[in-house]
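Everything on this sheet refers to the single structure shown next.
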Amino acid sequence: MLEVLQGLIQQHGQSAVINNPQVPNEHNEGVMNEVMQGLMGGLSNQANSQGGLGSLIGLLGGGAGNGGSLMSNPIVGGIAQSVVGNLMEKFGLSNSAAAGVVTSMLPSVLGGLINKTNDPDDNSIDLGGLMGTITGGKTAGIDFSSILSQGAGALADGKLDMNDLMNIAGGMMGSQQNQQQGGGLGGLLGGLFGGK
């Protein structure tokens, strides 16, 4: 997964960083690494926040990533703000230079990652592998594609949240008792969400 992300960073960093006169050449690699670290750290923080996993699954499992709409997503906006601050602090970039790098790279890289994750013809990464990397292995064995496909028809409010995931997980386990006792997939998702 990290190799895929690194490839996307290199691809989209060419114009945003390497060919950017506002980024000193000696900082090119560091700036691109900071975007990658900021993206992974932000996604990981979201996954570990109360109720954040559902939003993250919705973002990453959403199919074709559109750069413009990605920047309006609160998760992506928070990551962008953090990365801009880090680029200014660590590399002395001006606010406009750092914001330019981030608004050019972040939606392209994340959109590419989302597209690869949801492309059935691209086996370089899938949603389960991506979520496993983001959560540090806490979600190993969970079939997120099944959760999304089952959840899509059951979501009356159009949003995937903890309750939706718990209901789907309970149904997949086939036992409300198992979910109530904190076992199986329901218990794991509850643990990830900070539940009981």
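The values are calculated or read from the model by the stated rules, or taken from the named source; none is laboratory data. Computed from a predicted model, the values in this text were never measured in an experiment. All Cβ positions, glycine included, derive from the backbone under ideal geometry; neighbour counts span all protein chains shown.
Which helices (runs of 4 or more DSSP H) sit wholly inside region 29-110 and have at least 1 residues that are under 25 Å from K138 (Cα atoms) and in contact with a helix residue (DSSP H, G or I) (Cβ under 7 Å, 6 or more places away or on another chain)? Counting at least 1 such residues, we get 52-60, 74-91. For region 90-119, filtering for residues that are under 25 Å from G58 (Cβ atoms) and crowded, with 17+ Cβ neighbours inside 10 Å leaves 15.
The residues of region 114-145 that are among the aliphatic types (A, V, I, L, M) and touching a Gly at 6+ places or on another chain (Cβ under 7 Å), listed by number, are I114, L127, A140, I142. Among the residues of region 101-116, none qualifies, meaning not one is of a type in the set (G, A, S) and at pLDDT below 90. For S124, indicate whether it is at pLDDT 55 or above and farther than 15 Å from L8 by Cβ. So S124 fails the test.
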